[in-house]
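S.K.: Would you mind keeping the following structure in view while I ask a few things?
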Amino acid sequence: MGIPYFLPRYSKGSSKHAVLDAIRFSSAGVSRAEIARQLGLSRAAITSIANGLLDKNLIREGLAGSATGGRRPVLLEMNPERGRVVGVDIGATHLAIVLTDFSAQVLHEIEIPFDVSRGPKICLEEITVQVHALLVETGQTLEDIQAIGVGVPGPVVIEKGTVIAPPIMPGWSNFPIREYLRDLWDTPVILNNDAELGALGEWAYGVGRRVRHLLYIKVGYGIGAGLLIDGKIYHGATGAAGEIGHITIDSDGPLCSCGNRGCLETMASGRAIAKRGRDLVAAGYSMRLKKNSFNGKITVQDVASAAQRGDIEAQEIVREAGKNLGIALANLVNLINPQMIVIGGGVTRVGDLFLEPVRQTIKECSLEAAAQDLSINAAVLQQRATSMGAVVQALSLAFYRLIEETEPALEK
């Protein structure tokens, strides 16, 4: 199956964690024999580990599976009532929070407009208010939450729980996000990049199941990539891997928030699409787009709506953005040779008007050897991809603490 190591420094090589991952990422329960086959362990070893997980109430025996010539095997599944976790997706312009049980079933969620540029303390205090409101609405308290996973739109130094020089998060660089939230919430917290969490979310619960070489591309206010390479998330030397929004597409292009010109974010992000729409209206084009605007303000949703209604100028904006993204992704395809590209984020709501130029450009610009078996898909989880990836890591943290209670606290 190729289960990624979500917490490699702590769980890699641990048979208990491997067995638990085999159970939690099965689609409808899994037998002891199948786990033994997947992991190359003996039936006796699997039985011993499974009994320990049953004793901790982390898993339970479910319905019997299909018979293959003998007695129907008993399937093992997660015990959803063993605990609760929270996944938080901090975007540049949105905030999404999900509450799940231990089987990753979503119990409640919220999504609201958000402005990450206000700085860490104001934003984290507001997130705290929203987390409390979600829990109150579901009859929970922070004491009921085993762990919280958080995604942010910038390069993350995982060991420190900080971001470093994030272009669209002014004032956040080196702020102790994880420690600050842990103190606010008195709950274990794990922090990661939003696109990397999107990759985990789509691998675990979306279109990328069982794919060992996967690129997740988040196209929203900015653009980032989560790289799942050979079954492991690749962070890079300093946590900055996947910042494809700052690949140069046109060295004479628009000025980017990072200080360079012609970055992909200035050519294909939601922010770029909205700006192109405003420029069109200011130049006297696209009456449909002008009618859709509110007090002269044009959003990416306005451009998408106009394009879907047949506005030629709006369609050209979307197609050009898709083509520019395709150019950048073709370079990644030639470099990394993935099995699958999953494209998520708010801009994908435009649909095939955006995705088809991406697919066509990748096909035209990639080497045949690198792209011959490549599939390119819209994210099945859509806006939930990052928050569900945060749930994946929150559950990993919760399971580690419950299994290895005598070990030092992971988040420290």
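S.K.: Can you give the FRET efficiency for GLN372 and ILE312, using 1/(1 + (r/R0)^6), R0 = 35 Å, r = Cβ-Cβ distance, to the nearest 0.05?
M.R.: After rounding to 0.05, the efficiency reads 0.50.
S.K.: Right, here's the next one. When Lys and Arg each count +1 and Asp and Glu each count -1, what net charge do the other residues less than 13 Å away from ALA330, Cβ to Cβ, add up to?
M.R.: That sum, taken over residues with Cβ under 13 Å, equals +1.
S.K.: Now for a separate question. Looking at the chain as a GNM with Cα springs under 10 Å, which of SER42, SER117, SER173 has the largest mean-square fluctuation?
M.R.: SER42
S.K.: If you build a Gaussian network model of the chain, linking Cα atoms that sit under 10 Å apart, which residue out of GLN38, GLN383, GLN146 swings the most?
M.R.: Largest GNM mean-square fluctuation: GLN38.
S.K.: Moving to a separate point now. Which FRET efficiency value, to the nearest 0.05, is calculated for LEU107 and GLN360 with the Förster distance at 51 angstrom and r the Cβ-Cβ distance?
M.R.: Computed FRET efficiency for LEU107 and GLN360 comes out at 0.80.
S.K.: Does the chain come out rounded, prolate or oblate, given a ≥ b ≥ c as the square roots of the eigenvalues of its C-alpha gyration tensor, rounded meaning a/c under 1.5 and, failing that, prolate meaning a/b above b/c?
M.R.: Prolate.
S.K.: Based on the Cα coordinates of segment 148-216, what is the per residue volume of their convex hull in Å³?
M.R.: That works out to 100 Å³ per residue.
S.K.: Classify segment 214-353 as rounded, prolate or oblate, taking a ≥ b ≥ c as the square roots of the eigenvalues of its Cα gyration tensor: rounded when a/c is under 1.5, otherwise prolate if a/b is larger than b/c and oblate if not.
M.R.: Working: a/c = 2.47, a/b = 1.86, b/c = 1.33.
It comes out prolate by the Cα gyration axes.
S.K.: Next question, about the same structure. ASN334 label point, 7 Å along Cα→Cβ, cut-off 13 Å on backbone N: hits in segment 350-384?
M.R.: Answer for segment 350-384: 362-371.
S.K.: Provide the solvent-accessible area of TYR180, counting protein heavy atoms only and rolling a 1.4 Å probe, rounded to the nearest 10 Å².
M.R.: We get 60 Å² for TYR180.
S.K.: For n ≥ 4 DSSP H runs only, could you compute -39500 (n - 2.57) per run for the chain, divide by its residues and tell me the 222 nm figure to the nearest 500?
M.R.: -12500 deg cm²/dmol
S.K.: Could you give the alpha-carbon Rg of segment 102-194 over 2.2 N^0.38 Å, rounded to two decimals?
M.R.: Values: Rg = 13.4 Å, N = 93, 2.2 N^0.38 = 12.3 Å.
Here the Cα radius of gyration is 1.09 times the empirical estimate.
S.K.: Here's a follow-up. At 7 Å along the Cα-to-beta-carbon direction for both ILE229 and ASP186, put a label point, then send me their distance in nm to one decimal.
M.R.: 4.3 nm
S.K.: For segment 111-228, what is the accessible area per residue in Å² when the probe is 1.4 Å?
M.R.: Here the residues of segment 111-228 average 36 Å² of exposed surface.
S.K.: Can I ask one more? Give me the distance in nm between label points sitting 7 Å out from Cα along the Cα-to-Cβ direction at VAL74 and VAL129, one decimal.
M.R.: Result: 5.0 nm between the two label points.
S.K.: Separate question: Defining a contact as two alpha carbons under 8 Å apart and six or more residues distant in sequence, what relative contact order in percent does segment 161-221 show?
M.R.: Value for segment 161-221: 22 percent.
S.K.: Each label point is 7 Å from the Cα along the Cα-to-Cβ direction; what then is the distance between the points at GLU320 and GLU179, in nm?
M.R.: That separation, rounded to one decimal, is 4.7 nm.
S.K.: When the accessible area of the chain is computed with all protein chains present and a 1.4 Å probe, what percentage of it is carbon and sulfur?
M.R.: Working: 8830 of 18140 Å².
Reported share for carbon and sulfur atoms: 49 percent.
S.K.: Of the listed pairs LYS121/LYS160; LYS121/LYS218; LYS232/LYS323; LYS323/LYS363; LYS121/LYS297; LYS56/LYS232, which have alpha-carbon separations greater than 19 Å here?
M.R.: LYS121/LYS218; LYS232/LYS323; LYS121/LYS297; LYS56/LYS232
S.K.: Short version: ³J(HN,Hα) in whole Hz for each residue of segment 356-368, in order, from phi by Karplus 6.51 cos²θ - 1.76 cosθ + 1.60 (θ = phi - 60°), x for Gly and Pro, what are they?
M.R.: Coupling constants for segment 356-368: 5, x, 4, 4, 5, 5, 4, 4, 6, 9, 8, 5, 4 Hz.
S.K.: Using amide H atoms built in the peptide plane, which far-off residues or other-chain residues are under 5 Å from GLY62 H to H?
M.R.: It is LEU75, LEU76, GLU77, by chain and number.
S.K.: If you take every residue apart from PRO80 with its C-beta less than 10 Å away from the C-beta of PRO80, what net charge results, scoring Lys and Arg +1 and Asp and Glu -1?
M.R.: Charge balance near PRO80 sits at 0.
S.K.: While we're looking at this one, here's another question. Taking only protein heavy atoms into account and a 1.4 Å probe, give the accessible area per residue of segment 302-412 in Å².
M.R.: For segment 302-412, the solvent-accessible area averages 43 Å² per residue.
S.K.: Looking at the chain, identify the longest residue range that excludes and avoids all GluC sites (Glu not before Pro) in DSSP loops having at most 14 other Cβ atoms within 10 Å.
M.R.: 160-404
S.K.: Given the protein chains as shown and a 1.4 Å probe, how many square angstrom of MET340 are accessible, to the nearest 10?
M.R.: 20 Å²
S.K.: Another question, then. Any chance you could look up the accessible area of PHE175 with a 1.4 Å probe, heavy atoms only, rounded to 10 Å²?
M.R.: Counting only protein heavy atoms, PHE175 exposes about 30 Å² to solvent.
The values are calculated or read from the model by the stated rules, or taken from the named source; none is laboratory data. Small disclaimer: the values here were computed from a predicted structure and weren't measured. Glycine also receives a Cβ, built like all others from the backbone with ideal geometry; neighbour counts cover every protein chain displayed. Ligands, DNA and RNA are excluded from the accessible area calculation, which covers all protein heavy atoms including side chains. Shrake-Rupley method; radii C 1.70, N 1.55, O 1.52, S 1.80 Å.
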